[in-house]
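Chemist: Structure below; questions to follow.
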Amino acid sequence: MTNVNTEKLSSARFAEATDAFVEVFTASVDFDKRMAAQDIQGSIAHAKMLAKTGILTDDECAAIEQGLTQIAGEIERGEFSWSIKQEDVHMNIEARLTDLIGIAGKKLHTGRSRNDQVATDIRLYLRSEIGQIENQLNRLQTAILDLAEPNAGTIMPGFTHLQVAQPITFGHHLMAWFEMLQRDRERFRDCLKRINVMPLGAAALAGTSYPIDRALTAELLGFSRPSANSLDSVSDRDFAIEFTAAASLLMMHLSRFSEELILWSSAQFNFIEIPDAFCTGSSIMPQKKNPDVPELVRGKSGRVTGHLVSLLMLMKSQPLAYNKDNQEDKEPLFDTVDTVINCLRAYADMVPHIRAKKDNMYQSAKQGFATATDLADYLVRRGMAFRDAHEVVGLAVRLGLTTGRDLSELTLAELRQFSPLIDADVFESLTLEGSVASRQHIGGAAPETVREAIRTARQTMAAGS
């Protein structure tokens, strides 16, 4: 009778034991055990399908389901004994199942491979985590709307090149953040369409000779459909790369938010107050209040972008079908999920407590000739070509720079020396309030337009869009 090393379920092929270092080097259980719940979920569905098609008996299926349920409880309670000798989460669970229920446990792997099993686990895992990301995005977007609403009319300078450009409102600026996050939400949802395709049943690379029902398994696991090609099913990780790309864009947006919060909370801007609970002090300078949460989020954006590049490089030269390289997909993917969820949570907790320093914002908007474009538009409405109006306003700005006055502080006579089209009503266009209120089109900065955008955004979120 052939002696089989039962300590390692896949070891019968080998005449000598795996080198101790290689055993550790090639094992993935230390990190892929995170997918234990998904592995058990997939295995229960697979067993039910095998029973439905007559490959397993109903009693064997029941024993498998009962054993896997017990294992799930052991893992949840921290009682499960993970072994590096079993390499990964799949083999650990299967070994324990065989200990519990005997030979029926060994039959579970009929009609599948670890190749399609792990691909299924990752898809189930990402599907679940996208739900968590959406929950945190919802919290953050709601916090942004709640902060934007009372600040729909809070005037502040808008910037291009970090130079004062035109007056806007704080609420309008916050809604720009909201729109970025809304696109991020849409990207994750779109990515989910390609994640939610089931590879189970593709086996190692070529499918299986057993009369399996992949459509049934997909239905049991909530997948939209089974995958169409067995080679592609087990070998590509483009869905994980796409997820990480969406995460990288989200983190890039959070990094931009962070940069602005850091600048605005500085003494030089002094536009906002970040709550103390999200800042720290200095070990040597007692006056310091450092915006640690935005700074850390800005820094963490780089690691997620790095994970995206790592996954792209991982896949770029792999021949079909599965290769051991793909073991390296999980750690960057898991860290991406953790980083995104933690950063969103930190922001969703912090944003509701940000306080706008309205007077400082207003005074800053009065600097830098923020209403210069409004003066040009005034001249255009009176019949002057825009390029000529641009030149006229440039001359007026030069006078303001020379005399240290804003355009609104120049006299009518001084303004008329640049164009006789300018009348006394020009000063209505040169106030910050008049400038902001004039932009009432969709997407404009007028306070009522901002309020309408907030109402629309709330309706969209309530509808689940």
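Chemist: Could you derive backbone 3J(HN,Hα) for the stretch 199-206 from the dihedral phi with the Karplus parameters 6.51, -1.76 and 1.60 (θ = phi - 60°), listing whole Hz in sequence and x where the residue is Gly or Pro?
Modeler: x, 4, x, 6, 6, 5, 6, 10
Chemist: To check my understanding: the extent here is largest minus smallest coordinate of the Cα atoms along each principal axis. What are those three numbers for the stretch 206-259, in Å, largest first?
Modeler: For the stretch 206-259, the Cα extents along the three principal axes come out at 57, 22, 11 Å.
Chemist: Also: At a 1.4 Å probe radius, which order do H390, H46 fall into by accessible area, largest first?
Modeler: H390, H46
Chemist: Decide, for the chain, between rounded, prolate and oblate: order the square roots of the alpha carbon gyration tensor eigenvalues as a ≥ b ≥ c, take rounded if a/c falls under 1.5, and otherwise choose prolate if a/b is larger than b/c, else oblate.
Modeler: It is prolate, given that a/c is not under 1.5 and a/b is the larger ratio.
Chemist: Separate question: Please work out whether the stretch 354-406 counts as rounded, prolate or oblate from its C-alpha gyration tensor, where a ≥ b ≥ c are the square roots of the eigenvalues and a/c under 1.5 means rounded, while otherwise a/b larger than b/c means prolate and anything else oblate?
Modeler: Cα axes put the stretch 354-406 in the oblate bin.
Chemist: Mind jotting down the three principal axis lengths of the stretch 337-465 based on Cα atoms? Whole angstrom, largest first.
Modeler: Result for the stretch 337-465: principal-axis Cα extents of 61, 30, 24 Å.
Chemist: Oh, and also: Please find the FRET efficiency linking D99 to A277, where r is the Cβ-Cβ separation and R0 is fixed at 41 Å, and quote it to the nearest 0.05.
Modeler: The computed FRET efficiency comes out at 0.25.
Chemist: E448 to N138: extension gain in nm, 0.36 nm per residue of separation minus the Cα-Cα distance?
Modeler: Working it through step by step, the gained length comes to 109.2 nm.
Chemist: Can I ask one more? Based on the Kirkwood radius over alpha-carbon pairs, what value in µm²/s does the Stokes-Einstein equation return for the translational diffusion coefficient of the stretch 42-137 at 25 °C and 0.890 mPa s?
Modeler: 170
Chemist: With a 1.4 Å probe and all protein chains left in place, how much accessible area per residue does the chain have, in Å²?
Modeler: Value returned for the chain: 48 Å² of accessible area per residue.
Chemist: Let me ask another. Counting only protein heavy atoms, what percent of the accessible surface of the stretch 80-203 is carbon or sulfur at a 1.4 Å probe?
Modeler: Roughly 48 percent, rounded to a whole number.
Chemist: So what's the angle, to the nearest 10 degrees on a 0 to 90 scale, between helix 330-350 and the longest Cα principal axis of the chain?
Modeler: The answer is roughly 40 degrees.
Chemist: Run the numbers for T57 and T411: contour at 0.36 nm per residue of separation, minus the present Cα-Cα distance, in nm.
Modeler: In short, 118.0 nm is gained.
Chemist: Give me the base-10 log of I(q)/I(0) for the stretch 377-444 at each q in 0.28 Å⁻¹, Debye formula, one uniform scatterer per Cα, rounded to two decimals.
Modeler: Normalising to I(0) and taking log10 leaves -1.37.
Chemist: If R0 is 30 Å, what FRET efficiency do you get for D19 and H109 from their C-beta distance, rounded to 0.05?
Modeler: 0.70
Chemist: Can you list the lysines whose alpha carbon is less than 17 Å from that of K357, not counting same-chain residues fewer than 8 positions off?
Modeler: K289, K366
Chemist: Would you list which lysines come within 30 Å of K316, measuring only between C-alpha atoms, while excluding same-chain residues fewer than 8 positions from it?
Modeler: Correct list for K316: K33, K193, K300, K324, K330.
The values are calculated or read from the model by the stated rules, or taken from the named source; none is laboratory data. Keep in mind it's a predicted model, so treat the numbers as computed, not measured. When we count neighbours, we look across all protein chains shown, and the Cβ atoms used for this are built from the backbone with ideal geometry, even at glycine. Remember, those area values only see protein heavy atoms, side chains included, never the ligands or the DNA or RNA. Shrake-Rupley method; radii C 1.70, N 1.55, O 1.52, S 1.80 Å.
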